[in-house]
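Please read the structure below before turning to the comments.
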Amino acid sequence: MARARTGDIEQHSTDLRLDRWLWHARFYKTRALATAAVEAGRVKLNGARPKPSRVVRVGDQLEVSLSGRWLECVVRGIPVRRGPAPEARLAFEETAQSVARGLIHAQNQRLGAFAAPRPDGRPDKKERRQLLALGRAQAGGTAEADPDAEVRDWSDEWDAAADDDDEAVDSGDQAR
């Protein structure tokens, strides 16, 4: 953090690295996560894909992808430290369009939660195998992975007499 002391008055610089600014403004929990997000292209500064060391100044336009939604904001200040959340919120101002998209995104998330199937309890062994087979089929598995496919019942084709004949042949082989 660039600070200069002039007598007893502390003056703070007017710019800060992008990864540090994102961390100070509490967009990311660690600076390493902020750096990774910038490098992955989930952060845009003034419409361009920056490097983590790019300098952020007051008035810059910032777009950040958080949890599947793009947050657009304007840099209003350079934080002195990573302080409490109310202090961090003073460092940026979200645009009206971004706030509206955020409300729609939150509503879609709530509605999506209702659409997800919620079983009453844990699946038993048979249900778990059916779920695994369904997952394999959806992932591009074969038709055999279809949980609705007929399962061949081998008990009808099993013959105890045939097993007795096989045992007799096996025991004869051992006697030699």
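Worth a mention:
- Cα shape, segment 80-122, gyration tensor, a/c 1.5 rule: oblate
- Neighbour net charge for R122 - beta-carbon separation under 14 angstrom, K R +1, D E -1: +2
- Charge context of T95, other residues only, Cβ under 14 angstrom, K/R +1, D/E -1: -1
- Multiplying the residue separation of R118 and R57 by 0.36 nm and subtracting their alpha-carbon distance yields 17.2 nm.
- Potential extension, R69-Q97 segment - 0.36 nm per residue separation minus Cα distance: 8.8 nm
- Whole-Hz ³J(HN,Hα) from phi, Karplus 6.51 cos²θ - 1.76 cosθ + 1.60, for segment 25-36, glycine and proline x: 7, 6, 6, 10, 6, 10, 5, 4, 5, 5, 4, 5
- Segment 1-132, relative contact order in percent, only Cα pairs under 8 angstrom and at least six apart counted: 19
- For segment 3-99, the Cα-based Rg and Dmax, in that order, read 13.3, 47 Å.
- For a straight C-alpha distance cut-off of 20 angstrom, the lysines reachable from K44 (same-chain residues fewer than eight places away being disregarded) are K29.
- Charge tally for N108 (other residues, Cβ to Cβ under 12 Å; Lys, Arg +1; Asp, Glu -1): +3.
Here, each number is a calculation from the coordinates, and none is a lab measurement. Note that the coordinates shown come from a computational prediction; the quantities given were computed from them, not determined experimentally. Note: ideal-geometry Cβ built from the backbone for every residue, glycine included; neighbour counts use all protein chains shown.
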